[in-house]
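Accompanying notes for the structure given below.
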Amino acid sequence: MRAEDLLLAWDPLGYGLGSYGPEFDDIALALIHLDSIDRLDEVIRQILTDAFGDCPSESETRAMAARLLASSESCQL
């Protein structure tokens, strides 16, 4: 599954699918520059906290970071 599809299917705070457009754009941009699960997890948590004042559990954001990185690696030539 593509990183974009993973993000679009994710509702990290229960606000409903499609509620995170700018935040997911920022996460997708970070994905281009980061190759560490730990660092991407930090960025995801910071983006969601800055935008909503809340974020899901660290285990959930870390799992998403791992899926996103795996997806982006499978798409590289």
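Just a few scattered comments:
- Close Cβ contacts (under 7 Å, 6 or more residues apart or on different chains) running from residues in the range 7-18 that are closer than 20 Å to R62 by Cβ and in a loop (DSSP other than H, G, I, E, B) to residues that are at pLDDT below 95 and of a type in the set (V, I, T) are absent.
- Output for the range 39-57, where each listed residue is without any contact (Cβ under 8 Å) to a residue 24 or more places away in the chain, assigned to a helix (DSSP H, G or I) and over 12 Å from the mean Cα position of the chain (by Cα): T49, D50
- Scanning the range 58-68 for residues that are without any contact (Cβ under 8 Å) to a residue 40 or more places away in the chain and of a type in the set (S, T, Y) yields a single hit, S59.
- Selection from the range 41-68 of residues that are among the aliphatic types (A, V, I, L, M) and surrounded by 18 or more Cβ atoms within 10 Å (Cβ to Cβ): V43, I44, I47, L48, M64, A65, L68
- The range 21-38 - residue that is not in a helix (DSSP H, G or I) and not polar (S, T, N, Q) and, of those, surrounded by the most Cβ atoms within 10 Å (Cβ to Cβ): L34
- Against the conditions (1) small (G, A, S); (2) surrounded by 17 or more Cβ atoms within 10 Å (Cβ to Cβ); (3) at pLDDT 95 or above, A3 satisfies every one except (3).
The values are calculated or read from the model by the stated rules, or taken from the named source; none is laboratory data. Keep in mind that this is a model prediction, so the values were computed, not measured. Neighbour counts run over all protein chains shown; Cβ positions are idealised from the backbone, glycine included.
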